[in-house]
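Nothing in this text is a laboratory measurement; each read-out follows from the coordinates by a stated rule. A quick note: this is a predicted structure, and the numbers were derived from the prediction, not measured. In this analysis, Cβ positions are derived from the backbone assuming ideal geometry, glycine residues included, and neighbour counts consider all displayed protein chains.
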Amino acid sequence: MVKRQESIRNFAVLSTKANKPKEQKIKKNKFLLVLIGILLLYFCFLFFSQFARYFQLKGEVNSLMQDVDRLREENDLLKEEVELLKDPEYLEELARSRLGMIRPGEVVLNIIEE
């Protein structure tokens with residue numbers, strides 16, 4: 001009977017010793033899973049933050065391209081106006097219409113409408 005109790009104790013001790021490597025392996029696997037999960041979350045955060053930044057910068061680029069196009073059109077109009085201002089007939093027309101210039105000997109008649 002004593003031998004049987006000792007063999008039961010030895011079996012219990014042996015079974016717990018045999019389970020220790022499994023428990024350590026399970027703990028190690030849990031630690032690795034948690035570590036992989038944290039790394040995965042970190043990389044997802046980095047990816048989505050960079051993804052959002054990409055679309056923000058893409059929007060800024062589109063806005064700046066529209067500004068560049070608008071300024072080019074404005075620049076073209078100003079170049080045309082500069083060319084027109086080099087023409088003496090156009091300058092005379094501007095002076096007559098905007099400043100009320102008259103030639104010597106001309107009489108200006110203002111018509112008043114009722």
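Counting Lys +1, Arg +1, Asp -1, Glu -1, what net charge surrounds Asn29 among other residues with beta carbon under 13 Å of its beta carbon? My count for the surroundings of Asn29 gives +4. With a ≥ b ≥ c the root eigenvalues of the C-alpha gyration tensor of segment 70-114, is it rounded (a/c under 1.5), prolate (a/b larger than b/c) or oblate? Oblate, because a/c is 1.5 or more while a/b does not exceed b/c. Neighbours of Lys79 by Cβ distance under 12 Å: Lys/Arg scored +1, Asp/Glu scored -1, total -4. Computed over neighbours whose Cβ is under 14 Å from that of Tyr90, the net charge equals -4, Lys and Arg +1, Asp and Glu -1. Averaging Cα coordinates gives a centre for segment 73-114 and one for segment 27-52; these two points are 72 Å apart.
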